[in-house]
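Nothing in this text is a laboratory measurement; each read-out follows from the coordinates by a stated rule. For clarity, every value in this text was computed on a predicted model and none was experimentally measured. Every residue, glycine among them, receives a Cβ derived from its backbone with ideal geometry; neighbour counts consider all protein chains shown.
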Amino acid sequence: MHEQVEGHALAGIEYEAVCSTHVTPYPAPCAHPAPPEGLPTTKTPAPTTSWAWGSPFALYAADDCALGRDETTARQQLRQRLAYGEQTAVEAIVERGLVGNVPRLIGTAEQPVQLPAGTDPLDPADAVGVLEHWLAAATGGQGVIHAPRWTSGRLRSTSVTSVAGPVMQAPLGNTIAFGAGYVGAPPAGQTSDALWLYATRPVTVRRSAVIEPATWSTGTFDTRQNAGLLLVERVYVVDWPCEAAAVPTTLPRRPELAPTPPTQEDA
């Protein structure tokens, strides 16, 4: 988590990341016995890096009720409301791309990688194991497994998770992010009632300080209507390098546990 980052980073970011784990076997000089027939004896280059990017999005909380509250109290309560709701809202946005943001877990028609391709849903413990295998083989390191918060008890009961301080981990040490905003939605273009788990490289969250555009005393109080408007907001850029992977599980989705944050059109 990066707090109060510079303004240019909150306009969106783009960077190069090492996304390839491609290494090629090659017979050593004077190999004995002779290398298998057909093994290439010339060295061919392959791309090492890929471009990664993240787009900005914002969250706000607004209130027009001034009855019985002074401005200081109202502003404090509105900040508290934002703090209570923003994590779940960010998780929903990052999972499903609710505001057109990239990257998003459900990805596009080409991404994320679906594992194992073309097979039936997996038991949750097997699904976590497949994602841990993919993280090691396809990214070369540790990462994050994303799951709806309600699955924590199920995974814990199967000994899939362990607790290391404030962090819950999968058996091989990858962090499991249990999001209250996650519903286990299927990848883009898929229709599935199964709950999906996702894996990514480590996630970076950049966010601004809490922004308060105006106060009652600086133009947001209508004396004719005796009505005020207070608003607080924060800008986010959430990203991870390289591709993501998704696995369907035998658990059902429960989208009603993570209501979709309202958009401007819903207001």
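Some notes on this structure:
- 3J(HN,Hα) couplings calculated from phi for the stretch 86-93 with the Karplus curve 6.51 cos²θ - 1.76 cosθ + 1.60 (θ = phi - 60°) are, in sequence order, 6, 5, 4, 5, 4, 4, 5, 5 Hz; Gly and Pro show x.
- For the chain, the 222 nm mean residue ellipticity estimated from helices alone, with every DSSP H stretch of n ≥ 4 adding -39500 (n - 2.57) and the total spread over all residues, rounds to -5000 deg cm²/dmol.
- Counted by Cβ distance under 12 Å from Cys19, the other residues give a net charge of -1, where Lys and Arg count +1 and Asp and Glu count -1.
- Under Karplus coefficients 6.51, -1.76 and 1.60, residue-wise ³J(HN,Hα) of the stretch 136-146 in Hz, glycine/proline x: 5, 6, 9, 10, x, x, 8, x, 10, 9, 9
- Three principal axis extents of the stretch 101-228 based on alpha-carbon atoms, in descending order, are 64, 38, 28 Å.
- Annotation: amide H of Thr215 within the under-5 Å range of Thr220, sequence separation 5 or more or interchain, hydrogens built in the peptide plane.
- Cβ crowding within 10 Å averaged over residues, with 69-77, 200-208 ranked highest first: 200-208, 69-77
- Each peptide in 160-170, 245-255 was scored by the mean count of other Cβ atoms within 10 Å over its residues; highest first, the order is 245-255, 160-170.
- The chain - share of DSSP beta bridges that are antiparallel (%, nearest 5): 75
- Signed unit charges on C-beta, dipole axis of the stretch 65-134, positive-most listed residue Ile93, Pro116, Thr72: Thr72
- Over the chain, volume per residue of the alpha carbon convex hull, in Å³: 189
- Peptides 80-89, 52-61 ordered by average Cβ neighbours within 10 Å, highest first: 52-61, 80-89
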